[in-house]
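**Q** Encoded as structure tokens, here's the structure I'll be asking about.
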Amino acid sequence: MELRQLRTFRAVAENLSFTRAAVELGYVQSSVTVQVQSLEKELGVPLFDRIGRRVTLTDAGRRLLGYTGRMLELEEETRAAVSADGEPAGTVTISAAETHCTYRLPRVLGRFRGLYPQVRVLIRPVPVGTFCGDTVRDLDEGKADIAFVLDEPVRSKGLISEPLVEEPVWVLASPDYPLAHSPLVRPADLVDETLLLTASGCSYRAMFLDTLARDGLHPRTLLEFSGVEAIKQCAIAGMGVAVLPAAVVAKEVEEGSLKTLDWFAKENFKVVTQMVWHKSRWLSPAAEAFGDVAREMLRPDEKPSSVVV
């Protein structure tokens, strides 16, 4: 059993596609197929069910995937321990949602690339930045070294969370929208409005709807979007009232294409950008270096304060 075979197996298992795994690894597809077949022959069990073009893990494949992550992690730890110069190298995998990938991480990635050109950074996208089961599993299984989470402070057994940036959440509309001129907007004022919100599971969407529900109010018209850009454009077009983090809409507010409403609870309406990693899993020098750069770029004037549960 070779480490190269295990890397290839993991790529196929995570992509559930021989073609996508070949692209990710830089191999021709036939090489991926041969490596997986060789591993299956050596172990004496099929690792994948292949039904037409559909690929799924067998029970044996699912069991092997857990061990594979640990073996490849140990390999990277070994390389780091015996490295002559101690310069971070290898791969660091980051879990992050659209908001972080677009508005927070580009500066971090640019700085990190300049400092550590030998490190390969993989971004593992998630639908929303809320701390959820998928993020926990990615950290537990070693599919992600660090997760960037946009939520209320995270407290989860076995994980370490470090707050980086407080993210005010704004209620917004087009400057021509009737509520844009209201001196104070309360939950009752929004019941008959069209609300433009992120997908279910998003932390600040849940906070907003909970605020309405506490007054016994439920919006009559709610449009749900998978991406924040669509929400912004619909709000600019006057289609309704949007709820988004300030970092996402700061440019549009400054330019005047969107206006923040005087939401009655705006002083306490916020979430936090946090770094989360597993308490018991080894963080490679590359992952530790990435965390240091994130702290430098996102909270340069503050000392870190991690929460261990």
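The values are calculated or read from the model by the stated rules, or taken from the named source; none is laboratory data. Keep in mind that what you see is a predicted model, and the values were worked out from it rather than measured. Positions of Cβ are backbone-derived with ideal geometry, glycine not excepted, and every protein chain shown enters the neighbour counts. Protein only, heavy atoms only, side chains kept; ligands, DNA and RNA dropped before computing areas. Shrake-Rupley method; radii C 1.70, N 1.55, O 1.52, S 1.80 Å.
**Q** I want to check a number: in the chain, how many lysine pairs have alpha carbons closer than 17 Å, given a sequence separation of 8 or more or different chains?
**A** The number of close lysine pairs in the chain is 5.
**Q** Highest first, please rank the peptides 47-57, 7-17 by the mean number of other Cβ atoms sitting within 10 Å of their residues.
**A** 7-17, 47-57
**Q** R0 = 30 Å: FRET efficiency of Ser280 with Ile123, Cβ-based, nearest 0.05?
**A** Using R0 = 30 Å, I get an efficiency of 0.80.
**Q** Excluding Gly291 itself, what net charge comes from residues whose Cβ is under 12 Å from its Cβ, given Lys and Arg +1 and Asp and Glu -1?
**A** -3
**Q** Also: When DSSP assigns beta bridges and you keep just the ones with both residues in the chain, what percent turn out antiparallel, to the nearest 5?
**A** Taking every DSSP beta bridge within the chain, about 60 percent pair in antiparallel fashion.
**Q** If you don't mind, there's one more thing I want to ask. Roll a 1.4 angstrom probe over the protein heavy atoms and tell me the percent of accessible area of the chain that is carbon or sulfur.
**A** So the carbon and sulfur contribution to the accessible surface is 50 percent.
**Q** Turning to a different aspect of this structure: For P(r) over Cα pairs in 20 Å bins from 0, in percent, which listed value, (1) 33, 61, 6; (2) 29, 49, 21, 1; (3) 26, 44, 25, 6, 0, comes from the coordinates shown?
**A** Computed from these coordinates, P(r) over Cα pairs in 20 Å bins from 0, in percent corresponds to label (2).
**Q** By accessible area of protein heavy atoms, probe 1.4 Å, what ranking do Ser226, Ser174 get, highest first?
**A** Largest accessible area first, the residues go Ser226, Ser174.
**Q** Let me ask you something else. Can you give me the accessible area per residue for region 140-244, using a 1.4 Å probe, in Å²?
**A** I get 44 Å² per residue for this part.
**Q** Highest mean first, how do 139-152, 235-248 rank when packing is the count of other Cβ atoms within 10 Å averaged over residues?
**A** The packing order, highest mean first, is 139-152, 235-248.
**Q** Right, another one. For region 14-128, with every protein chain kept in place, what is the accessible area per residue (1.4 Å probe, Å²)?
**A** Accessible area per residue, region 14-128: 61 Å².
**Q** Still on this structure, please answer the following. For the ranges 259-272, 212-225, 193-206, what's the packing order if you count other beta-carbon atoms within 10 Å of each residue, average per peptide, and put the highest first?
**A** Final packing ranking: 193-206, 259-272, 212-225.
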